[in-house]
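The values are calculated or read from the model by the stated rules, or taken from the named source; none is laboratory data. These figures come from a predicted structure and were not determined experimentally. Counting neighbours? That spans all protein chains shown, and the Cβs are built from the backbone with ideal geometry, glycine included.
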Ligand SMILES: Cc1cc2nc3c(=O)[nH]c(=O)nc-3n(C[C@H](O)[C@H](O)[C@H](O)COP(=O)(O)OP(=O)(O)OC[C@H]3O[C@@H](n4cnc5c(N)ncnc54)[C@H](O)[C@@H]3O)c2cc1C
């Protein structure tokens, strides 16, 4: 193990994936987290009202999320994801009562579009080409400028998946981000779109195994440590201020700031970051799903958008949910339960419930906010940034968070190999002339 320490601040998925990569490379890692537990926006906790462990929000991974799956392989927990062996998405329309199953074929050539039984009912083949221009776009513009955001297929497919991916009302969403998301999923064929869920909870899959991996690699993890300031000299970070305790950095130490964009804005005001956010509201009901309830159900023409079935509870996701932040939790639970009960064949009696409102769930995936995302490399030689809000080319997702963590780790590793080359050259000069 080398003498330098890499200080990773923020133990969300981005910080953890950076720490894992660095520990893997044999570097000494110190990870700091402001909260009392790791995981950030991707975590589980015990909920008293439900007497259950629940996630802060339902998280869906797709089989094409290569970096996220690589991260799970490294920490040994890919097996904790569950999902069908093919891309299958069940939908229900609350207004018409129709139900259907979307079944893209495995390969890139989308022959499934020719089979009306695999498509959305009532839709024509040509409607599936609506987002084609987003796949090729290189300009900073909103989706509404290059795609028709209306019509039956938009309401039943493009709208729901774009809203889920961007967490932003699709018409105002960034066409670049929508294109990147579609390129890596539907346009890459069914094998890239198999839905995957951490059925035993987010922490058991994404967080705890990473902490165990870090402990086994001699990393230190300090919870309850909020970074309050960074001291700089000669274009390098030289100290970290955690309030009651200060950390002096050695000459070859490096820092990865894997905190949310609003925290970076306070710590490093000269760096421009996204500053507009969108909410996600989740409802959790303690009731066992019915035997035939799909793992995920897309809901059209309802308040609920996606219904997830776990072993002992059923959860609902509503993205782009800012309009609901001021609605009372009781009203939200009652309204969502009416829909869940109608679709799942449950009685009207409301089971134990919980509502989780994540106000700043993700940055707003608009062209303006996307343009504010900074690269991982900073003007300080030993400081890199990580987080789903940095310039990953993707919307705010686990996949983006892991890529950002890996990118920051690569910058640190590159910096170290340069130092190593310089040091070796100096030693050679001193010893051999
Ligand atoms: C409700 C919800 C549903 C979602 N659904 C999905 C989904 O289905 N699929 C998907 O791919 N993604 C989903 N996401 C997005 C995904 O959760 C995020 O992209 C990812 O977790 C971001 O990780 P991160 O490490 O970049 O940031 P964070 O998780 O925000 O981590 C930052 C960490 O830094 C810590 N911190 C902050 N300030 C300081 C400080 N000063 N000092 C030390 N530590 C500090 C924070 O406590 C936090 O732990 C969802 C998000 C939410 C909220």
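Some values worked out for this structure:
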item	result
Filtered residue count, the range 91-122, keeping only those that are without any contact (Cβ under 8 Å) to a residue 60 or more places away in the chain, surrounded by fewer than 12 Cβ atoms within 10 Å (Cβ to Cβ) and assigned to a loop (DSSP other than H, G, I, E, B)	2
Selection status of residue 79, outside any strand (DSSP E or B), closer than 15 Å to residue 197 by Cβ, free of Cβ contacts under 8 Å to residues at least 24 places away in the same chain and within 20 Å of the chain's Cα centre (by Cα)	yes
Unique residue being assigned to a helix (DSSP H, G or I) and surrounded by fewer than 19 Cβ atoms within 10 Å (Cβ to Cβ) when the list is 155, 200	155
Index of the failed condition, residue 259 passing every other in (1) more than 10 Å from the ligand (Cβ to nearest atom); (2) in contact with a strand residue (DSSP E or B) (Cβ under 8 Å, 6 or more places away or on another chain); (3) in a loop (DSSP other than H, G, I, E, B)	(1)
Residue check for residue 252: within 30 Å of residue 52 (Cβ to Cβ) and touching a helix residue (DSSP H, G or I) at 6+ places or on another chain (Cβ under 7 Å)	no
Which numbered condition residue 396 fails, given (1) farther than 19 Å from residue 270 by Cα; (2) surrounded by fewer than 23 Cβ atoms within 10 Å (Cβ to Cβ)	(2)
Exclusive hit being free of Cβ contacts under 8 Å to residues at least 40 places away in the same chain and in a loop (DSSP other than H, G, I, E, B), set 64, 57, 26, 39	26
Search result, residues across the range 271-285 that are away from the ligand (no atom under 11 Å from the Cβ) and either crowded, with 21+ Cβ neighbours inside 10 Å or over 24 Å from residue 174 (Cβ atoms) (or both)	273, 274, 283, 284, 285
Candidate set: the range 42-54, residues that are over 20 Å from residue 318 (Cβ atoms) and assigned to a loop (DSSP other than H, G, I, E, B); chosen: the one nearest to the ligand (Cβ to nearest atom)	48
Selection count, the range 286-308, where residues are assigned to a strand (DSSP E or B) and either more than 30 Å from residue 326 (Cβ to Cβ) or within 16 Å of the ligand (Cβ to nearest atom) (or both)	7
Pick from the range 351-389, criterion crowded, with 22+ Cβ neighbours inside 10 Å and more than 20 Å from residue 280 (Cβ to Cβ), ranking: farthest from the ligand (Cβ to nearest atom)	382
Residues of the range 173-199 that turn out to be over 22 Å from residue 139 (Cβ atoms), modelled with pLDDT of 95 or more, within 16 Å of the ligand (Cβ to nearest atom) and in contact with a helix residue (DSSP H, G or I) (Cβ under 8 Å, 6 or more places away or on another chain), as a count	3
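Residue by residue, here is whether (1) within 9 Å of the ligand (Cβ to nearest atom); (2) in a strand (DSSP E or B) holds:
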site	(1), (2)
6	no, yes
14	yes, no
22	no, no
74	no, no
85	no, no
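A quick yes/no check of all residues on (1) within 18 Å of the chain's Cα centre (by Cα); (2) at pLDDT 95 or above:
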site	(1), (2)
203	yes, yes
223	no, yes
226	no, yes
231	no, yes
245	no, no
253	no, yes
262	yes, yes
272	no, yes
279	yes, yes
